[in-house]
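Working notes, structure below.
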Amino acid sequence: MRPYRGRRAFAVKDPIVEPLWSGTRALVHLTVRPEVEPPATVAIIEGTGLDLADELPELAGALAAGVLALEAIVDGVITRQLTLDGVGAAAIPEIHSRPTEMFVRSNLDFDISARGAIEDLARTAEPIDGFVAVDLLRIDGADLLDVPLLERKRLLESVIAPGPLLRLSAHVRPPHDPWIATWKSMGLRGGILKAANSRYHPNDDTIEWQVVERLNRRRS
């Protein structure tokens, strides 16, 4: 699912807001079969349908260990900003709160925040690829496409065990301008509004998602 790209403006109903994170959109497909070796297999499918798991063995290993399910499809972003000082590591505000056919065709970026993440992010001379999880499309044989967004996110929180290369996307309620201003000051693009009850429609445009890269300007 991707934001509507037409000229007509739509208001997102009952939105949440997530940060934009620079990277490559991908779907992670995890399957665990305890009777075989290795028991967990991971595919990392990018927008053209290419599986990047062999190219990113360290990330694939982190996903196999950090996605707590026998079967799952997780939507997210491959990004080096997760291990890049001054960008991903700094973007930690405290808050309270079928492969190719299913792929959401989008070049959107996302951001993540998690309390305490600065302490346990890996520090490397050269940043390496990590994965930011933003949505859960399938879990242990159950498709979640018709489940409301906030319920999918609740389930996603129970599936992801965060580590240096695997994080869970943050989401907050409006007003979103202060959050977007903070994220932009850290070098991120802005935010994305999503309707809290939105369903997941693969390969479709949607008026229930809206990219926000500029702050609202109030006229005096």
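The values are calculated or read from the model by the stated rules, or taken from the named source; none is laboratory data. Everything quoted here is computed from the prediction, not taken from an experiment. Here Cβ is always computed from backbone atoms with ideal geometry, including for glycine, and neighbour counts include all displayed protein chains. For accessibility, only protein heavy atoms count, side chains too; no ligands or nucleic acids. Shrake-Rupley method; radii C 1.70, N 1.55, O 1.52, S 1.80 Å.
Approximating the spin labels as points 7 Å out from Cα along Cα→Cβ, the Glu58-to-Leu150 distance works out to 3.8 nm.
Rounded to 0.05, the FRET efficiency of the Glu35 and Glu157 pair, given R0 = 45 Å and the Cβ-Cβ distance, is 0.95. Between amide H atoms placed 1.01 Å from N, distances below 5 Å from Thr206 occur with Arg2, Tyr4, all of them 5 or more places distant or on a separate chain.
Residues Arg80, Arg152, Arg189, sorted by accessible area with the largest first, give Arg80, Arg189, Arg152 [1.4 Å probe; ligands and nucleic acids excluded].
Close amide H contacts of Leu166 (hydrogens built in the peptide plane, cut-off under 5 Å, sequence separation of 5 or more or a different chain): Phe131. Counting only protein chain heavy atoms and rolling a 1.4 Å probe, the accessible areas of Arg199, Arg214 rank, largest first, as Arg214, Arg199. Within straight-line reach of Lys184, meaning a Cα separation under 22 Å, sit the following lysines at least 8 residues removed in sequence or on another chain: Lys194.
In order along the range 63-80, the phi-based Karplus estimate (6.51 cos²θ - 1.76 cosθ + 1.60, θ = phi - 60°) of 3J(HN,Hα) comes to 5, 4, 7, x, 9, 8, 7, 7, 8, 7, 10, 10, 8, x, 10, 7, 8, 8 Hz; Gly and Pro are listed as x.
When the residues Asp51, Asp146, Asp129 are ordered by accessible surface, computed with a 1.4 Å probe over the protein chains alone, the sequence from largest down reads Asp146, Asp51, Asp129. Scanning residues 5 or more positions from Ala40 or on other chains, those with amide H under 5 Å from its amide H are Arg33, with H placed 1.01 Å from N in the peptide plane.
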